[in-house]
Amino acid sequence: MFLLVFTWWGCDESETPIKVSLKEGNQSQGIQASDKEPLRLAIASVVSPDKAFKYYEQLIDYLSAKLLQPIKLIQRESYREINDLMKLGKIDVAMVCSGAYVLGKSDFGMELLVAPEMMGKTVYYSYIIVSSSADAQVLQDLKGKSFAFTDPLSNSGRLSPTYILKTQLGEKPETFFKEIKFTYSHDLSIKAVAQGKVYGAAVDSLVYDYFKRTEQGLIAQTKVINISSAYGIPPFVVYPGLDPVIKKQLRDVFLNMHMDTTGKQILGNLMIDRFVVVDDNLYDSIRKMEEALK
């Protein structure tokens, strides 16, 4: 499972963030000595930190070994922090949400590197979920209820549901919902619904479907009442000023991971078929939603 993660939006006073504390990752230990400068790779954690580090550590060590270059892991709580750091040239490569990519592309030329292909597809969805015991059957049943978004720049966790509210119901989140919370984590959003801390939530279909296979007891406490249109899958991106040689080497390692035993095993753990090159127009539907909400 690939557990991923807008300027005119922000947390207003009614939105109470639930902070996720992350520890700064150390330089990858895959390479004991190297004359190369560390490649700075950033992750905005949209899963619980312990799980995030476990999954990403394997991938980062693999990349480091293949590149013969140390990698410095940088973790942040939000996509905004990742975008801001990359804009300043303090990050070389990052895993971001589709919404954060679209914004970064427009803001400072953030570049696509590769994207995961899962079950033969490079798309995902936004799920609106509620407790399995809730009476709600459709989106309008959530009016006046508490709701959890993930990250202000998240497509599946904020942009898409906001767009759906506007186009289908003529509503805005701040007036439609009684209370809004930010979890900065799709799995925390799922757990918040299952535990009754919020009535509903918008979550990444990739994360939800992953937990459907690995934590069936948790998912059994929830149900999906709305599925969005398909969106371009969250990609790996690079700083536009990154050395083209390094960029090509990094892309090649990603694209060939499924061709060797170790790489294939890591991809299997992440439920990824392989990494592929995707075109920027894969994310045009997200741009259209942004324009509609401006």
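No lab work stands behind these numbers, since they all come straight from the coordinates. As the structure is a computational prediction, the values presented were derived from the model and not from experiment. No Cβ is skipped: glycine too gets one built from the backbone with ideal geometry, and neighbour counts run over all protein chains shown.
Quick notes on this one:
- Cα extents of the range 155-294 along the three principal axes, largest first (Å): 51, 40, 22
- Close amide H partners of residue 39, meaning residues 5 or more places away or on another chain with modelled amide H under 5 Å apart, are 71, 72.
- The charge dipole of the range 123-231, taken about the Cα centre with unit charges on the Cβ atoms of Lys, Arg (+1) and Asp, Glu (-1), comes to about 120 debye, rounded to the nearest 20.
- Residue-wise HN-Hα coupling along the range 259-271, computed from phi with Karplus coefficients 6.51, -1.76, 1.60 (Hz; x: Gly, Pro): 8, 10, 4, 5, x, 5, 5, 5, 4, x, 5, 8, 6
- Per-residue ellipticity at 222 nm from helix content only, as computed over the chain with -39500 (n - 2.57) for each DSSP H run of at least four residues, stands at -10000 deg cm²/dmol.
- Residue order, fewest to most surrounding Cβ atoms within 10 angstrom, among 90, 66: 90, 66
- Exposure proxy order (Cβ contacts within 10 Å, fewest to most) of 205, 133: 133, 205
- The convex hull of the Cα atoms of the range 123-231, projected and averaged over all directions, covers 5.9 nm².
- Sequence-distant lysines (8 or more away, or on other chains) whose Cα lies within less than 19 Å of residue 145: 166, 172, 178, 181, 191, 197, 223
- Under 5 Å between amide hydrogens, built in the peptide plane, is the criterion, and for residue 177 it picks out 144 among residues at least 5 positions away or on other chains.
- Amide H contacts under 5 Å for residue 123, placed H, 5+ residues apart: 118, 233
- Per-residue ³J(HN,Hα) for the range 249-257, Karplus 6.51 cos²θ - 1.76 cosθ + 1.60, θ = phi - 60°, Hz, x for Gly and Pro: 4, 5, 4, 4, 4, 4, 5, 9, 4
- Within the range 86-173, the proportion of C-alpha pairs whose separation exceeds 18 Å stands at 57%.
- Straight Cα distances below 22 angstrom link residue 248 to the lysines 36, 66, 72, 87, 90, 105, 264, with same-chain residues fewer than 8 positions distant left out.
- Share of Cα-Cα pairs in the range 66-118 lying beyond 19 Å, as whole percent: 30 percent
- The residue list 278, 193, 101 was ranked by how far each Cα lies along the charge dipole of the chain toward its positive end, using unit charges on Cβ atoms, and 193 comes out on top.
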